[in-house]
1. DSSP loop trypsin sites (Lys or Arg not before Pro) in the chain with at most 14 other Cβ atoms within 10 Å of their Cβ, which ones?
2. Lys/Arg Cβ at +1, Asp/Glu Cβ at -1, dipole of the chain taken about the Cα centre: which of Ala16, Thr2, Pro29 is farthest positive-ward?
3. Ignoring everything but the protein chains, give the 1.4 Å probe accessible area of Glu22 in square angstrom, nearest 10.
4. With a 1.4 Å probe and every protein chain left in place, work out the accessible area per residue of segment 7-61 in Å², rounded to a whole number.
5. At 222 nm, what helix-only mean residue ellipticity would the chain give, in deg cm²/dmol to the nearest 500, using -39500 (n - 2.57) for each DSSP H run of four or more?
6. Eigenvalues of the Cα gyration tensor times 5, then square-rooted: what semi-axes does that give for segment 25-68, in whole angstrom, largest first?
7. Starting from the Cα of Asn8, move 7 Å in the Cα-to-Cβ direction to define the label point; list residues of segment 44-63 whose amide nitrogen is under 20 Å from there.
8. Under the definition of Cα pairs under 8 Å and six or more residues apart, what whole-number percent is the relative contact order of the chain?
Amino acid sequence: MTVTVTVNGDPLDLTAGTTLAELVARLAPSPRGIAAAVDGAVVPRGAWPDTRLADGTVVEVVTAVQGG
């Protein structure tokens, strides 16, 4: 079974039960410097493995960029 979530404004089909940690691993080679929000609320990195994504969930994943 699949669910459709919106990631950074784009729809993405995932296997039901996918966690935020699994999604971030799919999008980035390393979670370092990455922050994630689910339905508008920032999720602490320690909670990513326990945060299951449901159909219709809106996820924002951002990467910190250094510069000036």
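The values are calculated or read from the model by the stated rules, or taken from the named source; none is laboratory data. Here the structure is a predicted model, which means the values were calculated and not measured. Cβ placement follows ideal geometry from the backbone for every residue including glycine, while neighbour counts extend to all protein chains displayed. With ligands, DNA and RNA removed, areas are computed over all heavy atoms of the protein, side chains included. Shrake-Rupley method; radii C 1.70, N 1.55, O 1.52, S 1.80 Å.
1. On the way: sites: Arg26, Arg32, Arg45, Arg52; in loops: Arg32.
Filter output for the chain: Arg32.
2. The one lying farthest along the dipole's positive direction is Pro29.
3. Near enough 100 Å² of accessible area.
4. Numbers: 3210 Å² over 55 residues.
Heavy-atom SASA per residue in segment 7-61 reads 58 Å².
5. Numbers: 1 runs with 8 residues, N = 68.
Rounded to the nearest 500, it is -3000 deg cm²/dmol.
6. Details: eigenvalues 80, 28, 20 Å².
Semi-axes from the Cα gyration tensor: 20, 12, 10 Å.
7. Answer for segment 44-63: 44-45, 48-49, 53-54, 56-63.
8. Details: 109 pairs, mean separation 28.7, N = 68.
With pairs under 8 Å counted, the relative contact order is 42 percent.
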